[in-house]
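To keep things clear, I will list the structure first and then write my remarks on it.
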Amino acid sequence: MSTQPVLAFIGAGNMARAIIGGLLANQYPAERIWATEPDAEKLIDLADQGLHTSTDNLTAVTAADVVILAVKPQVLKTVACDLAPAVQTRQPLIMSVAAGISSTSLQQWLGGNCAVVRCMPNTPALVQTGASGLYATDNVSPDQRILAEQIMAATGISLWVDTESQLDAVTAVSGSGPAYYFMVMEAMIAAGEQLGLSPDVARQLTLQTALGAAKMANASEFDPAELRRRVTSPKGTTEQAIRCFSEDQLPAIFARGMQACHDRSEELARELGDD
């Protein structure tokens, strides 16, 4: 147990807690994890679980093999610059879950020559069913890549992208994707109510159907398009709904929305990485 790398979470918000929770559930030793937060009261429950906690970021970083930057993007520059001397001395693996901050900006703020992995997780990480996109700079060793993947896999699946710019596409697909599904659920619940179902029945049927469809797609050898065809009988009820969705250009609506998400991700990277 004592040979496990020491992890330091700089910031103990929802995403950090999701990763920590997944690690603990997978038997990662709590005594090998640090968590920092300016408000000491927000760290009490983590300390009760056996983690090292501190309101001082430097204390955690000087003990760490891996530093997970989980603060808001707007304050990351200040936090990173403050940590630069300790990072240069310790040379830990740096993992950032802050959206929109490029590895180039992180390198500059941390003093350069750092092993940086950028992570684009999503909110289902909170229930250990997340999907994370990962990008590693050239400084990251093969062993560090494995370690980064293992850390993020504690919250779901982790997939590598070849170029940093592809993280904008990850944002459009999985990073922001849960909100798309929530909106579809919202629309289905409302439509169910209009068709005469009670709000509770409409909600339960919608959520269970979403869960079931996702599990079927994940377990099937067929892609979603083929699964859709297999449950769409000619001249049947499902065909009528699919026809309406197609006539209203649902695929094009998703394409436009996800392109807008992608473009905004690029724009935020320019804004937040401004030195």
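Listed values, structure above:
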| item | result |
| --- | --- |
| Theoretical FRET efficiency, 1/(1+(r/R0)^6), r = Cβ-Cβ of THR55 and ALA210, R0 41 Å, to 0.05 | 0.50 |
| Cα gyration tensor, the range 1-85 - rounded (a/c under 1.5), prolate or oblate | prolate |
| Point-charge dipole on Cβ atoms (K/R +1, D/E -1) for the chain, about Cα centre, debye to 20 | 580 |
| Residues of type lysines that LYS72 reaches as a straight line, Cα spacing below 30 Å, ignoring anything fewer than 8 places off in the same chain | LYS42 |
| Neighbour-count ranking [beta-carbon atoms within 10 angstrom, fewest first] of CYS119, CYS244, CYS81, CYS261 | CYS244, CYS81, CYS261, CYS119 |
| Least to most buried among LYS77, LYS72 (fewest other Cβ within 10 Å first) | LYS72, LYS77 |
| Convex hull volume per residue in cubic angstrom - Cα atoms of the chain | 155 |
| The range 7-161 - charge dipole about Cα centre, Lys and Arg +1 at Cβ, Asp and Glu -1, debye rounded to 20 | 360 |
| Value of [θ]222 nm, deg cm²/dmol, for the chain, DSSP H segments ≥ 4, -39500 (n - 2.57) each, nearest 500 | -16500 deg cm²/dmol |
| Span from the the range 187-211 Cα centroid across to the the range 16-61 one, whole angstrom | 39 |
| ³J(HN,Hα), Karplus 6.51/-1.76/1.60, whole Hz, each residue of the range 266-271, x for Gly, Pro | 4, 5, 4, 4, 5, 5 |
| Antiparallel content of DSSP bridges confined to the chain, in %, to 5 | 15 |
| For ALA115, residues with placed amide H under 5 Å, excluding near neighbours | ILE94 |
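Readers should treat all values here as calculations from the given coordinates under stated rules, not as data from a laboratory. Everything quoted here is computed from the prediction, not taken from an experiment. Methodologically, a virtual Cβ is constructed for each residue, glycine included, from the backbone with ideal geometry; neighbour enumeration extends over all protein chains shown.
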